[in-house]
Amino acid sequence: MFAAIKAQHSGVDVCVNNAGLAHPEPLLSGKTSAWKNMLDVNIVALSICSREAYQSMKERKIDDGHIINLNSMCGHRVLPNADIHFYTGTKYAVTALTEGLRQELRDAKTHIRATCISPGLVETEFAPRLYSQNAEKAASVYSYYKALEALDVANAVVYVLSAPPHVQIGDIQMRSVEQVS
């Protein structure tokens with residue numbers, strides 16, 4: 001992917017890591033293959049893309065680039081829902097990885113910024129995929145209150161990118177007004 005970006009657009013100035021998935025696999029009974037899939041997508045792929053984006057910026061002497069990790073409120077608190085406890089662990093890792101990235105970028109004497117945007121429940125294909133074996137359960141996820149919309153998260157990305165070059169927006173936590181936790 002990064003080779004294609006380099007060929008078509010010279011490289012990356014902004015990287016938005018937006019891939020993420022969950023499987024309903026509790027800690028006491030979950031399938032190892034599903035856990036590994038969540039680790040690969042939510043942690044390893046995010047880290048690879050961050051590394052490659054940084055290398056692209058460094059190679060082209062881009063000193064004002066930005067790496068944005070779309071995380072989750074699950075990266076900051078644990079809900080009483082066994083179906084997402086392993087997923088929550090991966091999102092805590094994203095919180096830590098973003099801070100580690102921020103520190104490494106600062107140590108590298110660069111002005112490339114790293115931001116973590118952590119939305120609460122967003123009405124997307126996330127719940128239908130999480131509960132793909134149970135359409136009723138998937139539909140009920142969005143029935144309790146008005147969830148955030150994808151546009152709300154996109155607007156947070158635009159806000160982060162519009163900050164002056166000397167401003168580091170480290171973390172944005174956002175959720176619907178009606179969402180309790």
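Some points to look at:
- Tally, over the stretch 1-58, of residues that are among the aliphatic types (A, V, I, L, M) and either touching a strand residue (DSSP E or B) at 6+ places or on another chain (Cβ under 9 Å) or outside any helix (DSSP H, G or I) (or both): 13
- All conditions but one from (1) under 18 Å from C116 (Cα atoms); (2) touching a residue at least 60 places away in the same chain (Cβ under 8 Å) apply to I43; the one that does not is (2).
- Residue match in the stretch 12-20 (condition: of a type outside the set (S, T, N, Q) and modelled with pLDDT under 95): yes
- Helices (runs of 4 or more DSSP H) wholly inside the stretch 64-155 that include at least 1 residues being over 15 Å from S50 (Cα atoms) and among the aliphatic types (A, V, I, L, M): 126-130, 135-141
- Options N81, N71: the member that is in contact with a strand residue (DSSP E or B) (Cβ under 6 Å, 6 or more places away or on another chain) and either hydrophobic (A, V, I, L, M, F, W, C) or within 27 Å of T124 (Cα to Cα) (or both): N71
- Number of positions in the stretch 58-98 that are surrounded by fewer than 14 Cβ atoms within 10 Å (Cβ to Cβ) and under 14 Å from the mean Cα position of the chain (by Cα): 1
The values are calculated or read from the model by the stated rules, or taken from the named source; none is laboratory data. Owing to the predicted nature of the structure, the values given are computational and were not obtained by experimental measurement. Quick reminder, even Gly has a Cβ in these numbers, built from the backbone with ideal geometry, and neighbours come from all protein chains shown.
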